[in-house]
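The values are calculated or read from the model by the stated rules, or taken from the named source; none is laboratory data. Note that the structure is predicted; figures quoted are calculated from it, not measured. FYI the Cβ positions are ideal-geometry reconstructions off the backbone, even for glycines, and counts take in every protein chain you see.
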Amino acid sequence: MTVLRKKKAKKLEQIRAEVDKTGDALGKPIDSGIKETIVFLKAMGITTTASCEGHTDYGIPWPWVDTEDPDQPEEQFKNQNKILHYYAKKNNLDFGKLKTGEPLDLWLKAIKEASKNGETEEYIEWTKRNKKIAKKVRALLKEFYKKRKVEDTNRLIIKDTRLQFAFDPKIDMEDNSTRRELNQSMPAKQTEMIAFTKFLENKYREGRVKQ
């Protein structure tokens, strides 16, 4: 094994160890079906903040990954927390819960008021970093699909900062017949994510990435 290959293999070990310790907002480990995608995105210098392998009983039944800078500022708008504190105190609510969107109607009212102050400099810089990350992912997808032909519904896209498959938010996920139809398409989409992951792995191992 060459020195470069040894360095790459060691880097992958470090990334896998890091990913194994990473959990979601509920403290649950990253889904096994999307873990290798996360590993090779990180190996390519692309940070991630959330992901899912796709589930038939809840959520979107297809894999997705949020490719964002993990250092999201606490406030999007100037004086956002100050305004949330005011609304929490006025309505005898817990600030921590209101900050996370409970109750939603009051949180939306507070955020609408805070938005009049404009975004913080930290948040503006964070969104700029996210756009750079999305640009890198978009370039990888362009290369991946240069000679690969698949149906549009099974084609990976980058929407804002999410690596995903096209999804209509108006779809009623609670409708049983709709849910069954969507679930039937899950294997093809999971296969496509696996193919993209293999593409990332080959690109990493072939040395076409800055170390």
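Consider the stretch 133-160 and keep the residues that are outside any helix (DSSP H, G or I), in contact (Cβ under 8 Å) with a residue 24 or more places away in the chain and under 22 Å from the mean Cα position of the chain (by Cα). The one that is surrounded by the fewest Cβ atoms within 10 Å (Cβ to Cβ) is 160.
Could you grab me the full set of residues in the stretch 50-102 that are modelled with pLDDT of 95 or more, among the hydroxyl-bearing types (Ser, Thr, Tyr) and not in a helix (DSSP H, G or I)? If the condition is that a residue be modelled with pLDDT of 95 or more, among the hydroxyl-bearing types (Ser, Thr, Tyr) and not in a helix (DSSP H, G or I), then 67 is the only one that fits.
Among the listed residues 130, 176, which satisfies the condition of being more than 30 Å from residue 3 (Cα to Cα), surrounded by fewer than 11 Cβ atoms within 10 Å (Cβ to Cβ) and in the same structural domain as residue 8 (by TED's automatic domain parsing)?
Matching residue, one of 130, 176: 176.
The listed residues are 92, 79, 117, and the only one of them that is on the phi > 0 side of the Ramachandran plot and either touching a residue at least 24 places away in the same chain (Cβ under 8 Å) or hydrophobic (A, V, I, L, M, F, W, C) (or both) turns out to be 79.
Go through 67, 47 for me and flag whichever is within 20 Å of residue 130 (Cβ to Cβ) and in contact with a Pro (Cβ under 9 Å, 6 or more places away or on another chain).
47
Consider the stretch 145-157 and keep the residues that are β-branched (Val, Ile, Thr) and touching a strand residue (DSSP E or B) at 6+ places or on another chain (Cβ under 8 Å). The one that is farthest from residue 189 (Cα to Cα) is 157.
Collect the residues in the stretch 191-209 that are surrounded by fewer than 17 Cβ atoms within 10 Å (Cβ to Cβ) and at pLDDT 90 or above, keeping them in residue-number order.
Of everything in the stretch 191-209, those that are surrounded by fewer than 17 Cβ atoms within 10 Å (Cβ to Cβ) and at pLDDT 90 or above turn out to be 191, 194, 195, 198, 202.
Screening the stretch 8-59 for residues that are under 13 Å from the mean Cα position of the chain (by Cα) and of a type in the set (A, V, I, L, M, F, W, C) and picking the one that is surrounded by the fewest Cβ atoms within 10 Å (Cβ to Cβ) gives 25.
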